[in-house]
Structures are given as structure tokens and as C-alpha cells.
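Let me begin by presenting the structure, written as C-alpha cells, before commenting on it.
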């Protein structure tokens with residue numbers, strides 16, 4: 001049974017093999033349909049030289065508050081992290097007892113000096129009268145020379161005492177000015193308008209004049225944006241200025257325009273009147289830091305306090321410490337050839353686009369330049385036969401790039 005069953009299987013396999021060998025085989029699959037693609041034409045548009053960097057917002061000139069007199073801190077009279085107004089918001093009170101005593105003492109010294117002046121003025125008048133009487137007797141031959149000299153000396157002593165009393169009065173008046181100022185310094189006002197930071201000193205602690213840091217006030221009406229520029233970019237800007245393509249960045253008429261964008265903003269502002277986003281470079285660090293190989297640039301941005309319809313203050317537009325994207329515009333606009341940023345891709349460290357030639361996709365190398373709002377500058381072809389670059393006559397594939405291969409036919413929408 002086993003032998004006959006094995007024989008039957010063998011005969012069946014031979015029969016099937018023979019049938020397969022005599023036939024034409026399975027039908028071949030049809031070639032894939034050409035991918036359908038959308039296309040765009042390169043366009044020439046006016047574009048300024050643009051560079052983008054990552055920067056940060058920093059406080060403009062924060063003010064550290066230190067006491068101008070030493071003493072015991074009585075109270076802290078502000079809320080940490082809340083707005084304060086220059087010359088109006090009280091920050092701290094220092095115990096004024098000793099300074100008020102200095103004021104009272106200076107006033108008493110002035111009163112005593114005035115009394116001394118009056119006393120010695122009267123004494124001088126009496127001594128002058130005595131001197132006149134002694135001189136009259138001496139001239140008549142009745143008085144002695146000793147009494148005349150003694151009367152004259154008394155006049156000079158009295159006049160000297162008047163000068164001493166006037167000097168004491170001036171010193172006491174100066175002491176009063178100082179004492180009154182020190183008394184005023186016992187109430188510490190906000191030196192600038194801004195937001196108060198954290199206070200490291202609690203009431204009942206002793207503070208030293210001009211030494212103890214009480215709090216830092218951070219101005220918020222204006223903020224700085226700072227960012228670093230690498231040495232290669234610095235050299236590029238220098239060459240552009242040297243060639244005349246850019247003007248002097250320090251001159252107001254040719255200053256570098258700056259636009260910033262916060263992390264949660266998808267687009268850069270195009271409203272030049274918006275001073276919270278638009279400004280100019282006002283500081284270019286003259287030295288490249290060797291440790292980082294960069295120099296720092298800075299621009300100032302307005303940060304006004306806004307209010308809603310009911311007059312309630314709203315959060316300010318900018319906040320120190322925020323990261324920002326910084327875009328620089330330099331020189332006059334120039335005509336450049338552009339394509340959408342999405343059509344350019346990288347392959348083996350080079351940039352390419354697909355163009356349609358004779359109904360097929362063709363790989364074309366390009367050299368991208370500035371990118372702004374989804375549009376990328378590309379180099380122009382030197383001649384119709386040049387292997388790199390584009391011109392307005394090219395048809396660039398704009399979508400379905402994953403299905404496109406060099407030499408593959410494509411169907412244009």
C-alpha cells in the first residue's frame with residue numbers, strides 16, 4: 001500500500017511539472033501608473049538679505065535696591081512679583097528713632113548757635129562802647145594806655161566769638177540737612193517702575209547702608225532681545241558692508257531691521273508699527289568671545305501695559321527670559337528666484353528639487369539661500385544646459401515627492 005501510494009504521488013508530480021513546462025507561465029503585472037503631481041513655477045520676487053537666529057529676552061537695566069542708611073528693618077510694604085511705580089510705591093521702612101533724634105539734635109544746635117550769635121553781638125556792642133569811652137579819656141589825657149588796650153582786645157574777642165557762633169550755626173544746619181535726608185531714607189521707595197523680585201531680607205533684620213541688597217526691580221516697559229552671531233556670519237556681514245551691498249549698521253538710516261517671534265507664534269509680524277515685535281539693532285558687541293566664537297547683538301523692544309475694555313490691566317506682551325526667534329533684514333531688496341520651501345529636499349548632503357522634463361521627473365541640484373515665510377531663494381541657472389539651478393521656465397514638482405524617482409514618467413495635475 002505504501003509503495004503504490006508513493007508511486008501515485010510521483011506520477012501526479014510529474015504530470016503537473018510537465019503541464020507547467022508546456023504552458024506560457026503566469027501573466028506579467030502591468031507597469032505602475034505614473035504618479036500624479038502638482039507643479040509650480042519659480043518666481044522672481046524682491047527680497048532683502050535675511051538671517052535668522054535664536055535669541056532671548058532680557059531685562060533692560062535692572063535696579064538693585066540697597067538702603068542708604070543702616071538700621072533695623074521694620075517692615076516690607078510691597079508684594080513680591082508685583083508691579084511697582086518709581087517714587088510712589090513704598091518698599092521698606094527702617095526704624096527712624098535714631099535718625100529722628102539726629103534731626104532734633106541738629107535743630108537744637110542751630111537754636112543754640114543763633115543764641116550765641118545774639119549774645120556775642122550784644123557783647124560786641126558793649127565792648128565797642130567801652131572802647132570808645134576809654135579812647136575818649138585817653139585822648140583827653142585822663143585814661144591809661146592799659147585800659148584802652150584791654151577794651152580793644154575785648155572788642156576783638158567778642159567779634160571772634162560771633163564768627164565761631166556763625167560757624168557752629170552753619171555746621172548745625174548742614175547736620176540738619178543730613179539728618180533730615182537720613183530720616184527720609186528710612187522710607188525706601190521704588191527707584192524705578194517695573195516688577196519687584198523676591199526680597200531676601202525679612203523685617204527685624206539689620207541692614208547696612210549701600211551693602212545689603214534688599215530687592216531687584218526689573219523694568220518691563222522695554223526689554224532687550226539678545227542673540228549671538230557666529231564668526232563666519234560676522235565676516236559675511238563685514239564683506240557685504242565693504243562691497244556696498246549694506247550700509248553702515250550704526251547709522252540710523254541703514255540700521256539692521258529686527259523682527260522677533262515668540263515660541264507660541266507661528267508667523268513673524270508684518271506690521272512695522274508694532275514696536276513690540278519690530279526694532280533695529282542698537283548694540284553690536286565689538287569683540288568676538290573666543291570661548292564661543294560669537295559676538296552678541298542687541299535690540300530694544302517696547303513692552304507697553306495694555307488694558308481690556310473695563311480698564312483691567314492685561315499681561316504684558318513680552319516677558320524677560322522668553323526665547324525668541326530673531327530675523328534680521330539688511331540692505332535694500334533685490335530680485336531673487338524663489339520656490340516653495342517644501343519642494344527642496346536633501347540627499348547626500350546636497351539640496352535638490354524635481355523638475356518635469358519631457359514628461360519625466362528629473363533631479364536638479366539647487367543652492368538654497370534665504371528662507372522667509374515658506375519661500376526659499378534658489379540659485380539661477382547660468383545657462384539652459386547648466387546642471388544646477390532653476391529659471392522661470394522650469395516646472396518644479398510640488399507634491400507626491402515620495403513616489404517620484406528620477407526618470408519616472410509623471411502626470412501633471
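General observations
- Stretched out straight at 0.36 nm per residue, the stretch from residue 402 to residue 41 would grow longer than its current Cα-Cα span by 128.0 nm.
- Rounded to the nearest 500, the 222 nm mean residue ellipticity of the chain from helices alone is -10500 deg cm²/dmol, with -39,500 (n - 2.57) taken per DSSP H run of at least 4 residues.
- Note on the chain: with a GNM built from Cα contacts shorter than 10 Å, the maximum mean-square fluctuation among 267, 137, 351 falls on 137.
- Mean-square fluctuations from a GNM of the chain, with a 10 angstrom spring cutoff on Cα atoms, peak among 401, 73, 262 at 401.
- The stretch between residue 118 and residue 268 holds 46.2 nm of extra length on full extension. This uses 0.36 nm per residue minus the Cα-Cα distance.
- Inter-label distance for residue 290 and residue 95, nm, one decimal - labels placed 7 Å from Cα along Cα-to-Cβ: 5.4
- Note that segment 199-275 shows a convex hull volume over its alpha carbon atoms of 228 Å³ per residue.
- Distance between segment 360-413 and segment 183-219 - C-alpha centres, whole angstrom: 64
- Length released on extending from residue 241 to residue 74, taking residue separation times 0.36 nm less the Cα-Cα span: 54.2 nm
- Prolate/oblate/rounded label for segment 96-178 (Cα gyration tensor, a/c 1.5): prolate
- Most fluctuating residue given options 86, 167, 190, as computed from a GNM of the chain linking Cα atoms under 10 Å: 167
- Classification of segment 261-340 by its C-alpha gyration tensor yields an oblate form. The axis ratio a/c (a ≥ b ≥ c) is 1.5 or more, and b/c is at least a/b.
- The mean sequence separation of alpha-carbon pairs under 8 Å and at least six residues apart, normalised by the residue count of the chain, gives a relative contact order of 26 percent.
- Each residue, residue 48 and residue 150, gets one label point 7 Å from its Cα in the Cβ direction; the gap between the two is 9.7 nm.
- Estimated inter-spin distance, residue 206 and residue 126, nm [label 7 Å along Cα→Cβ]: 5.0
- Candidate values (1) 1.05; (2) 1.44; (3) 0.94, label of the one derived for Rg/Rh (Cα atoms, Kirkwood Rh): (2)
- Acute angle (nearest 10 degrees) that the helix 97-139 long axis makes with the longest principal axis of the chain, alpha-carbon atoms: 30
- Gap separating the Cα centres of segment 93-118 and segment 150-168, nearest whole Å: 25
Read-outs throughout are calculated quantities, based only on the coordinates presented, and are distinct from any laboratory measurement. Predicted model only: the values in this text are computed from it and were never measured. Using ideal geometry, Cβ is built from the backbone for each residue, glycine included, and neighbour counts are taken over all protein chains shown.
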